[in-house]
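Novice: Mind having a look at this structure? Questions to follow.
Coordinate-derived values only; no laboratory data. Because the structure is predicted, anything quoted here is derived from the model rather than measured. Methodologically, a virtual Cβ is constructed for each residue, glycine included, from the backbone with ideal geometry; neighbour enumeration extends over all protein chains shown.
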Amino acid sequence: MNTKPALLHDASPDILGPPADLAGRALPMYLNTVAAGFPSPAQDYLEGCLDLHELLIRHPTATFFVRARGDSMRGAAIFDGDILLVDRALQAQHQDIVIASVNGDMTVKRLLLQPQLMLQAANPKYPAIVLADGMDFELFGVVSSVIHQLKR
């Protein structure tokens, strides 16, 4: 079956490239949590430094960034313009959010392995993409983190 599924372009990603070497770019991490307000900048409250590269990227040589486009994954807290960290070293499992190509179109969707193989949007406006025989399907990686800026 070579029928091209509809709506694949909605959240197709734009690849930004591999993460840059961020050595020495760690930021202060405060011990106390914040319910409202800002923690005291006093040294006694510092837990240490937080390196986002170290925190978010487990397989640096197999990780890339991609920008999401569209609203098909808003139910999974992935919004238009968000940056996704994609790990190619992770084995995709049932319900993982993945970057895939279906019949040549890139998309970000939730991978369902049962009851049948499909890619599911996280927005009821978009139908699931059932991966039938004859469709060209390639999995590029598992989305491990989402960078969502509150103010752009």
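Novice: Less than 9 Å Cβ to Cβ from H59, Lys/Arg counted +1 and Asp/Glu -1: what total charge do the surrounding residues give?
Specialist: Numbers: positive: R58, R88; negative: D87.
With Lys, Arg at +1 and Asp, Glu at -1, the net is +1.
Novice: Another question about this same structure. Which whole-Hz couplings ³J(HN,Hα) result when phi for each residue of the range 117-126 is put into the Karplus expression 6.51 cos²θ - 1.76 cosθ + 1.60, θ = phi - 60°, listed in order with x for Gly and Pro?
Specialist: 6, 7, 10, 10, 6, 10, 8, x, 5, 10
Novice: So how long is each side of the range 54-118 along the principal axes, counting just the alpha-carbon atoms, biggest first, in Å?
Specialist: That works out to 36, 26, 24 Å along the principal axes.
Novice: Ranked from highest to lowest mean number of other Cβ atoms within 10 Å per residue, what is the order of the peptides 89-96, 75-82?
Specialist: 75-82, 89-96
Novice: Modelled label-to-label distance, L55 and V130, 7 Å Cα→beta-carbon offset: nm?
Specialist: Modelled inter-label distance: 4.3 nm.
Novice: Long-range amide H contacts for S145: which residues qualify at under 5 Å (H placed 1.01 Å from N, peptide plane, sequence gap of 5 or more or a different chain)?
Specialist: For S145, whose amide H was placed from the backbone, the distant partners under 5 Å are L85.
Novice: Now, a different point. DSSP loop trypsin sites (Lys or Arg not before Pro) in the range 44-93 with at most 15 other Cβ atoms within 10 Å of their Cβ, which ones? Working shown, then result.
Specialist: Details: sites: R58, R67, R69, R74, R88; in loops: R58, R69, R88.
The qualifying sites are R58, R88.
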